[in-house]
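Some notes on the structure that comes next.
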Amino acid sequence: VQLQASGGGLVQAGGSLRLSCIASGGTFGYKPVGWYRQTPGKQRELVAGIRADRTTTYADSVKGRFTISRDIRKNTIYLQMNSLEPEDTAVYYCKLTHIGRDYWGQGTQVTVSS
């Protein structure tokens, strides 16, 4: 399974971006998926996820601003990011968990200017 993330870029504070992650060689289906982010010198952290029971989870710092979703037919997951803040600047990664193994996308850079 390969994941391809896209949609990052440079945006001003208060702006919005939508990240996409498409899977090839496999399907997301209803498997657990998530978006993570990482900044230099820090550990990768969960931003948003969809669990196997289809419930969602969000980091406290993004609740009310970010929304994770998926389109089964397009084999794609999304992260809608609104009201972006400079603290959201990071490389964002998508992840799929399948039979106990994690598959990661290559990362897409999000930069929020103040």
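Which residue is nearest to residue 4 (Cα to Cα), if the candidates are limited to region 27-50 and must be among the basic types (Lys, Arg) and at pLDDT 95 or above?
We begin by selecting, within region 27-50, every residue among the basic types (Lys, Arg); these are 31, 37, 42, 44.
Filter once more, so that each one left must be at pLDDT 95 or above: 37, 42, 44.
Values: 37: 15, 42: 23, 44: 18 Å.
For region 27-50, the residue satisfying everything is 37.
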Within region 20-38, is there a residue that is touching a residue at least 60 places away in the same chain (Cβ under 8 Å), open to solvent by less than 80 Å² (accessible area, probe 1.4 Å) and in contact with a His (Cβ under 8 Å, 6 or more places away or on another chain)?
yes
Looking for something under 12 Å from the mean Cα position of the chain (by Cα) and acidic (Asp, Glu) - is there at least one such residue anywhere in region 95-113?
no
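Any residue at all in region 21-41 that's of a type in the set (Lys, Arg) and touching a helix residue (DSSP H, G or I) at 6+ places or on another chain (Cβ under 9 Å)? Walk me through it before giving the result.
Of region 21-41, the ones of a type in the set (Lys, Arg) are 31, 37.
The next check asks that each one be touching a helix residue (DSSP H, G or I) at 6+ places or on another chain (Cβ under 9 Å); those that pass are 37.
Checked region 21-41: at least one residue is of a type in the set (Lys, Arg) and touching a helix residue (DSSP H, G or I) at 6+ places or on another chain (Cβ under 9 Å).
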Selected residue (criterion: nearest to residue 112 (Cα to Cα)) from residues of region 39-52 that are in contact (Cβ under 8 Å) with a residue 24 or more places away in the chain and open to solvent by 20 Å² or more (accessible area, probe 1.4 Å)
39
A careful count of residues in region 29-57 that are in contact with a Lys or Arg (Cβ under 6 Å, 6 or more places away or on another chain), under 13 Å from residue 68 (Cβ atoms) and not small (Gly, Ala, Ser) gives 3
Members of region 79-97 that are surrounded by 15 or more Cβ atoms within 10 Å (Cβ to Cβ) and touching a Gly at 6+ places or on another chain (Cβ under 7 Å):
84, 91, 92, 93, 94, 95
So, in region 54-78, how many residues would count as being touching a residue at least 24 places away in the same chain (Cβ under 8 Å), under 15 Å from residue 28 (Cα atoms) and either open to solvent by less than 40 Å² (accessible area, probe 1.4 Å) or part of a strand (DSSP E or B) (or both)?
6
I'd like the full set of residues that are of a type in the set (Phe, Trp, Tyr) and in a loop (DSSP other than H, G, I, E, B), limited to region 20-53.
28, 30
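Go through region 1-19 and report how many residues are assigned to a strand (DSSP E or B), open to solvent by less than 50 Å² (accessible area, probe 1.4 Å) and under 17 Å from residue 67 (Cβ atoms). I'd like the intermediate steps shown before the answer.
Filtering region 1-19 for residues assigned to a strand (DSSP E or B) gives 2-6, 9-12, 17-19.
Subsequent filtering for residues that are open to solvent by less than 50 Å² (accessible area, probe 1.4 Å) retains 3, 5, 9, 11, 17, 19.
Filter once more, keeping what is under 17 Å from residue 67 (Cβ atoms): 5, 11, 17, 19.
So the answer is 4.
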Quick one: is residue 100 at positive phi and touching a strand residue (DSSP E or B) at 6+ places or on another chain (Cβ under 8 Å)?
no
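The values are calculated or read from the model by the stated rules, or taken from the named source; none is laboratory data. From a predicted model like this one, the values you see are computed outputs, not experimental measurements. In this analysis, Cβ positions are derived from the backbone assuming ideal geometry, glycine residues included, and neighbour counts consider all displayed protein chains. Accessible surface areas use protein heavy atoms only, side chains included; no ligands, DNA or RNA. Shrake-Rupley method; radii C 1.70, N 1.55, O 1.52, S 1.80 Å.
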